[in-house]
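The values are calculated or read from the model by the stated rules, or taken from the named source; none is laboratory data. Note that the structure is predicted; figures quoted are calculated from it, not measured. Glycine also receives a Cβ, built like all others from the backbone with ideal geometry; neighbour counts cover every protein chain displayed. These accessible areas exclude ligands, DNA and RNA; they are computed on the full protein's heavy atoms, side chains included. Shrake-Rupley method; radii C 1.70, N 1.55, O 1.52, S 1.80 Å.
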Amino acid sequence: MSEIPLSQPDITDKEINAVVDTLRSGRLSIGPRRDLFEQMVAERCKRHEGIAVSSGTGGLHMLMVALGIGPGDEVITTPFSFIASANCILMVGAKPVFVDIDPSSLNIDPSKIEQAITPKTKAIIAVPVFGNTRHMDRIEQIAQVHEITLIEDACEALGGMCANRPAGSFGRASVFGFYPNKQITTGEGGMIVTNDSHLANVCRSLRNQGRAEGAPAPAAMSSVPGDNCGSWLAHDRLGYNYRLSEIACALGCAQMERLDEILEKRRVVASRYMQKLMDWDDLILPNVAPGTEETTSWFVFVIRLSNQYNGTERDRVISGMRRHEVGVSNYFPCIHLQPFYRQSFGYKQGDFPISESISQRTIALPFHSNLDETQIELVCHTLKVMLQREQLLKR
Ligand SMILES: *Cc1c(COP(=O)(O)O)cnc(C)c1O
């Protein structure tokens with residue numbers, strides 16, 4: 001029996017050929033494939049500007065820097081997410097202010113945001129977690145009313161829709177990530193999208209060592225300093241190297257061309273899981289907002305054990321499934337309970353009870369676009385055996 005991985009990228013000859021063509025072209029960074037990839041992602045989410053970056057985390061970090069957020073500032077975000085959506089706040093020395101989640105969408109609860117706003121609040125980072133875009137429109141309205149910048153960490157939601165608008169179109173800017181477990185991948189990579197051309201240009205400069213935007217790259221092969229030399233070594237601000245290579249961008253373009261196909265395959269896998277698990281009364285299945293079945297961009301398939309199970313039991317189910325070569329994971333441990341958050345900000349157990357209760361009971365099942373019926377059957381069977389064992393242990 002071979003292992004069923006938690007996730008797996010969907011790579012075809014199209015992607016392989018695009019990468020090989022790039023290698024043969026001799027242009028490996030700052031070139032036409034990046035421009036095209038930026039255009040494709042920006043268009044998909046109806047934004048004017050795309051800024052390709054070396055990771056989603058790098059994109060979030062640059063936005064914090066570009067918005068001038070720093071020590072003394074507060075940024076509101078969710079404790080139930082991948083850690084990067086909060087770490088970017090720490091990277092610039094600001095304070096993350098967590099707001100508990102809505103148990104049905106697992107996203108930040110809009111009705112709890114206003115009580116967390118203070119004069120120090122500089123931004124809200126909203127995360128459509130697991131690809132569920134619910135509440136993004138309401139969070140955007142709250143941000144507008146209070147004149148607070150909204151950043152959408154859409155790293156898990158490429159291709160999804162909310163209120164007839166694409167994920168990546170909410171707030172002042174949004175960020176995508178292209179790690180191999182995401183809907184599309186560039187190996188490592190990410191993209192900022194925005195309609196704010198000034199913000200976009202600051203990010204392009206930050207991405208490129210603080211060079212003036214438009215500073216031409218020196219010709220790849222030339223060893224003779226040309227006219228470009230001056231501006232390539234002129235730095236307007238403290239910047240980073242967050243560029244994304246042409247090789248990665250070529251892969252990204254090929255994946256973007258297949259995005260709708262990939263999303264449809266993922267919807268089929270999700271609905272198979274739904275059908276098989278629907279009648280199990282000790283499980284809570286992902287809650288897709290009514291009317292979004294056809295537009296949901298599934299990042300992962302995360303189930304919850306019912307309240308009769310505790311965290312220790314969930315962990316035992318996870319290790320049991322792993323022992324049977326089924327790749328499962330505990331998406332997500334609460335961010336505020338990570339040791340360096342407790343130490344730096346004094347967060348503790350009990351601060352965000354809904355997130356804490358849910359994160360103890362979640363299990364991410366194997367999920368990718370090529371997971372077949374037999375594998376899904378085997379995952380569900382293994383889960384059933386492990387839950388039956390827990391019932392026996394309880395007696
Ligand atoms: C994947 C992800 C990121 C970015 O991850 P990178 O590995 O840096 O590309 C950021 N936020 C969330 C919520 C994510 O899931």
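Once region 162-180 is narrowed to residues that are at pLDDT 95 or above, out of contact with any strand residue (DSSP E or B) (no Cβ under 9 Å at 6 or more places or on another chain) and open to solvent by 30 Å² or more (accessible area, probe 1.4 Å), the residue that is nearest to the ligand (Cβ to nearest atom) is P180.
Residues in region 312-344 that are more than 18 Å from E356 (Cα to Cα) and part of a loop (DSSP other than H, G, I, E, B): H324, E325, G327, V328.
Table: residues versus (1) surrounded by fewer than 24 Cβ atoms within 10 Å (Cβ to Cβ); (2) of a type in the set (D, E, K, R).
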site: R138; (1), (2): yes, yes
site: I142; (1), (2): yes, no
site: I148; (1), (2): yes, no
site: I151; (1), (2): no, no
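All conditions but one from (1) of a type outside the set (S, T, N, Q); (2) assigned to a loop (DSSP other than H, G, I, E, B); (3) open to solvent by 10 Å² or more (accessible area, probe 1.4 Å) apply to F367; the one that does not is (3).
Out of (1) on the phi < 0 side of the Ramachandran plot; (2) crowded, with 20+ Cβ neighbours inside 10 Å, the odd one out for L106 is which? L106 satisfies every listed condition except (1). Checked against the criterion of being of a type in the set (A, V, I, L, M) and either touching a Pro at 6+ places or on another chain (Cβ under 8 Å) or under 16 Å from I101 (Cβ atoms) (or both), the candidates I354, I262 yield just one match: I354. When every residue of region 19-39 is checked against the conditions, at least one turns out to be closer than 29 Å to I108 by Cα and assigned to a helix (DSSP H, G or I). Applying the selection to region 53-79, what residues are among the hydrophobic types (A, V, I, L, M, F, W, C), under 18 Å from the mean Cα position of the chain (by Cα) and either surrounded by fewer than 23 Cβ atoms within 10 Å (Cβ to Cβ) or within 10 Å of the ligand (Cβ to nearest atom) (or both)? Residues satisfying the conditions are V53, L60. Note on region 1-41: among residues that are closer than 27 Å to A270 by Cβ and touching a Gly at 6+ places or on another chain (Cβ under 7 Å), the one that is modelled with the lowest pLDDT is E3. Checking each residue in region 114-140 for being within 28 Å of S55 (Cα to Cα) and without any contact (Cβ under 8 Å) to a residue 40 or more places away in the chain picks out P128, H135, M136, D137, R138, I139, E140.
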